[in-house]
Amino acid sequence: MNPFLEYIEALQGAHIEEEFQKFCKAFSSYVRIIILGNGGSNSVASHISQDYMKFCGKKVSILSDPSMLTMLTNDFGYDSAYQKFLEYYVEKDTLVIIMSSGGESKNMLNAQKWCDENEVPYGVLTGFKPNNSLRIKSSKALWNYYIDSIEYGVVECIHQIFLHGVV
């Protein structure tokens with residue numbers, strides 16, 4: 001299949017409306033936002049954080065500083081690094097956005113669990129398998145958006161489109 005057609009097909013089946021409305025409601029309710037993701041999802045987090053700050057007046061934090069990332073992973077382990085980041089940075093009325101293409105990253109699952117245990121509002125964006133762990137365990141999520149694709153690029157790009165929709 002033509003790789004570009006995979007993007008078109010995934011967008012056509014994205015069913016964005018219901019979860020996007022939930023996201024819009026949450027986004028408009030919070031000034032402070034923390035966005036979490038690994039690899040390409042971290043790049044999406046970095047990009048969208050700038051737009052949220054510049055165009056929407058949001059106070060946004062992401063874990064992309066190399067010295068902080070290496071300190072957290074060295075001192076607490078990679079599986080707990082994002083959870084520790086939340087412990088340090090979540091303030092009253094903070095919204096957390098958790099992105100995981102496959103929904104199986106232990107560090108994202110630990111961050112989600114911490115949000116549940118500490119009653120911190122969050123939403124999730126995942127892909128790959130419909131029954132991925134992050135999607136299934138996020139029963140308290142304000143939105144739970146899933147992309148039916150097993151391609152990292154497709155999932156990450158549609159997540160970025162989803163997040164850009166409020167800009």
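The values are calculated or read from the model by the stated rules, or taken from the named source; none is laboratory data. Predicted, not measured: the structure shown is a model, and the values here were computed from it. Glycine also receives a Cβ, built like all others from the backbone with ideal geometry; neighbour counts cover every protein chain displayed.
Every residue, every condition in (1) surrounded by fewer than 17 Cβ atoms within 10 Å (Cβ to Cβ); (2) outside any helix (DSSP H, G or I); (3) over 14 Å from the mean Cα position of the chain (by Cα); (4) at pLDDT below 95, yes or no:
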residue: MET99; (1), (2), (3), (4): no, yes, no, no
residue: GLY102; (1), (2), (3), (4): no, yes, no, no
residue: ASP116; (1), (2), (3), (4): yes, no, yes, no
residue: LEU125; (1), (2), (3), (4): no, yes, no, no
residue: PHE128; (1), (2), (3), (4): no, yes, yes, no
residue: ASN131; (1), (2), (3), (4): yes, yes, yes, no
residue: ARG135; (1), (2), (3), (4): no, no, no, no
residue: ILE161; (1), (2), (3), (4): yes, no, no, yes
>> Could you go through the range 13-26 and let me know if any residue there is surrounded by 13 or more Cβ atoms within 10 Å (Cβ to Cβ), farther than 21 Å from ALA81 by Cβ, in contact with a helix residue (DSSP H, G or I) (Cβ under 8 Å, 6 or more places away or on another chain) and among the aliphatic types (A, V, I, L, M).
In response: yes
> Which of (1) surrounded by 14 or more Cβ atoms within 10 Å (Cβ to Cβ); (2) in contact with a strand residue (DSSP E or B) (Cβ under 6 Å, 6 or more places away or on another chain); (3) over 17 Å from GLU19 (Cα atoms) does MET53 not meet, given it meets every other one?
Replying inline: (1)
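Quick check, is ALA111 out of contact with any Cys (no Cβ under 9 Å at 6 or more places or on another chain), more than 16 Å from HIS164 (Cα to Cα), buried (at least 24 other Cβ atoms within 10 Å of the Cβ) and aliphatic (A, V, I, L, M)?
yes
Return a yes/no flag: does the range 60-68 have any residue that is within 21 Å of LEU109 (Cβ to Cβ), more than 17 Å from the chain's Cα centre (by Cα) and surrounded by fewer than 18 Cβ atoms within 10 Å (Cβ to Cβ).
To start, the set of residues in the range 60-68 that are within 21 Å of LEU109 (Cβ to Cβ) comprises 61-64, 68.
Filter again for more than 17 Å from the chain's Cα centre (by Cα), leaving 68.
Still in the list and also surrounded by fewer than 18 Cβ atoms within 10 Å (Cβ to Cβ): 68.
There is at least one residue in the range 60-68 that is within 21 Å of LEU109 (Cβ to Cβ), more than 17 Å from the chain's Cα centre (by Cα) and surrounded by fewer than 18 Cβ atoms within 10 Å (Cβ to Cβ).
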